[in-house]
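Read the structure below first, then the notes.
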Amino acid sequence: METLDRIMRQVKANTKHSTSRNSKADYNCTKCRDTTWIETENGMRRCSCYEKSISFRRWERFGVNPQKVKSIKSYQDYNEVTKKAKSLAINYIQNFQAIKHEEENGLAFLGQPGSGKSHLVIGIGANFIKGVICPNVIYMPYLEAMKELKCAQFESDEYFRLLNKYTKADLLIIDDLFKDKVKNRELRENAELTEADTRCILPIINQRYINNKPTIYSSECTPNMLLDIDEALAGRILERSNVVVFKYGLENNYRMRKFK
Ligand SMILES: Nc1ncnc2c1ncn2[C@@H]1O[C@H](COP(=O)(O)OP(=O)(O)OP(=O)(O)O)[C@@H](O)[C@H]1O
Ligand SMILES: [Mg+2]
Ligand SMILES: [Zn+2]
């Protein structure tokens, strides 16, 4: 109760000040004047900027500021596969409210390093958060997130908190899936799932599959490489995703395009 009283006082104080000292431009959110609470006839409710601010903080923890990432517009479509990738990304953003209910409600950008897979998946996510199409978009850079999960796997509270965050997200973006299993465009020896993978990444992908939650993947693995790692898991990813495969080769490496 004390907390609620404090919030009420803050909201009221901010509203009063708005006409004198603070102008509208001083607030990131003019609806709640940065208190994240709005007073309605039925009491206090959270402002729409609340979930957005949590998502922003989560992205920033992994070093990505959604305000500063490259846009989908700046992705150049210079051949068939980049044309397909860009149009799928744009379609996904524009039609997400319908797509999310379909069975094939995910995207997978696979293959050649430097082909702009991360550019696209991050660009889509940033678009969602900024536009509030779907504020609870979680960015999961695979290696960093797995490290965190593996460290937490024996502390059950933290482990379940992290698993929950990834399984419950309205949209999950897994960037660079199985990066640790690829070297020089090939699967490393013993690239099958480890016990830690089974405890950390498998339950996330499985739960999302069962609950038909949309997931976007980027990975250096091709569909065949995913199948070689684990057939059942690959099946789930490929079945639910609209897949773009950037074939291995210089023609799909944007960083190296001047040498092709
Ligand atoms: N078609 C494109 N148009 C504009 N910029 C691009 C394009 N493709 C890639 N880039 C740029 O090239 C760089 C490498 O792209 P990115 O990191 O997205 O590749 P990636 O496919 O994720 O590679 P990796 O498999 O190594 O993670 C980025 O700066 C990205 O913005
Ligand atoms: Mg990448
Ligand atoms: Zn607000």
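The values are calculated or read from the model by the stated rules, or taken from the named source; none is laboratory data. Every value quoted in this text rests on a predicted model; they were computed, and no experiment measured them. Quick reminder, even Gly has a Cβ in these numbers, built from the backbone with ideal geometry, and neighbours come from all protein chains shown. Keep in mind that these areas ignore ligands, DNA and RNA; they rest on the heavy atoms of the full protein, side chains included. Shrake-Rupley method; radii C 1.70, N 1.55, O 1.52, S 1.80 Å.
Taken residue by residue, segment 53-62 has at least one member that is touching a residue at least 60 places away in the same chain (Cβ under 8 Å), in the same structural domain as residue 255 (by TED's automatic domain parsing), polar (S, T, N, Q) and within 16 Å of ligand 3 (Cβ to nearest atom). In segment 178-185, the condition of being within 28 Å of residue 54 (Cβ to Cβ) and either open to solvent by 10 Å² or more (accessible area, probe 1.4 Å) or more than 17 Å from the chain's Cα centre (by Cα) (or both) is met by at least one residue. The conditions of being touching a residue at least 40 places away in the same chain (Cβ under 8 Å), open to solvent by 10 Å² or more (accessible area, probe 1.4 Å) and more than 17 Å from residue 108 (Cβ to Cβ) are met by residue 251.
Restricting segment 110-168 to residues that are charged (D, E, K, R) and open to solvent by less than 30 Å² (accessible area, probe 1.4 Å) leaves a set whose member that is nearest to residue 204 (Cα to Cα) is 165. Only a single item in (1) within 8 Å of ligand 3 (Cβ to nearest atom); (2) more than 20 Å from residue 124 (Cα to Cα) is not met by residue 41, and it is number (1).
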